[in-house]
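*Asks:* Here it is, the structure in full.
Read-outs throughout are calculated quantities, based only on the coordinates presented, and are distinct from any laboratory measurement. Remember, predicted model here, so these are calculated numbers, not experimental data. Cβ placement follows ideal geometry from the backbone for every residue including glycine, while neighbour counts extend to all protein chains displayed.
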Amino acid sequence: MKWTRTTLFETAQECCRERFWWDIKGCLDESPKEIQFTFSVDIGGVSEPTNCQDADRMAHAMQDAANVGWHDVNTHAFVTSIGNVELSSATDGTFECGGSLAGQSYAGDYDPKASYPLDSSNVITMAFEVSAKSSTCSDDACFTTFYDQLVTNFKLFTGYGQFTTQIRLKASEQGVAALFIADADALTLVFGTMKTMEMVAAESSSGMWYPNWMVTDER
């Protein structure tokens with residue numbers, strides 16, 4: 001039988017128990033997975049945002065810049081904090097702010113006509129969470145090699161100044177004045193521990209999971 005997109009389950013385990021009860025391990029081994037890890041980096045020439053709208057615009061530009069550095073279209077970085085401002089994704093595609101901006105509305109004191117303070121001596125730490133999908137890895141050794149290659153790519157990307165170039169390019173394209181003189185410090189890159197996750201189907205609006213492979217014989 002072929003899997004269809006109407007056959008949805010909340011977890012891979014539930015799916016395999018229900019549909020491939022005779023080979024649950026084989027089902028789980030063949031199911032698509034992803035890895036997640038974190039990293040942080042100090043960014044010079046940037047002041048901490050004073051309202052959530054500025055933080056949102058900065059985060060989107062930083063994500064776009066960072067994602068150039070993986071050299072992998074299935075790897076995506078998401079900003080989780082800018083200095084003391086904590087960020088989480090909202091359902092409308094924007095960010096919700098916590099930390100030093102907790103309780104503030106999205107617009108806050110945002111003024112599009114105001115000039116953003118630029119100070120080349122100022123440094124803040126930005127933290128990211130990274131999600132990377134693999135269609136070929138099925139064991140820890142493969143995922144570890146995959147992770148190591150991604151980290152190497154990004155260290156070179158930052159070390160050769162390309163991250164700084166991309167930040168300023170995205171800032172210019174998107175009109176994010178707060179990042180116009182941003183400078184990523186390669187020596188401050190810190191990567192967190194990799195963990196392997198079940199891959200949730202992005203195409204499913206319900207957030208449920210379904211296999212992307214076929215079985216020829218159902219017993």
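*Asks:* Taking the simple approach of a point 7 Å from Cα along Cα-to-Cβ for both residue 17 and residue 90, what is their distance in nm?
*Replies:* 3.8 nm
*Asks:* While we're looking at this one, here's another question. Nearest 0.05, what FRET efficiency do residue 185 and residue 145 give at R0 = 25 Å with Cβ-Cβ as r?
*Replies:* For residue 185 and residue 145, the calculated efficiency is 0.35.
*Asks:* Next up: Measuring from label point to label point, each 7 Å out along Cα→Cβ, what is the residue 63 to residue 120 span in nm?
*Replies:* 3.1 nm
*Asks:* For a bin width of 5 Å, list the pair-distance distribution of region 129-201 built from all Cα-Cα distances, rounded to whole %.
*Replies:* Final binned percentages: 3, 14, 19, 17, 16, 13, 12, 5, 1.
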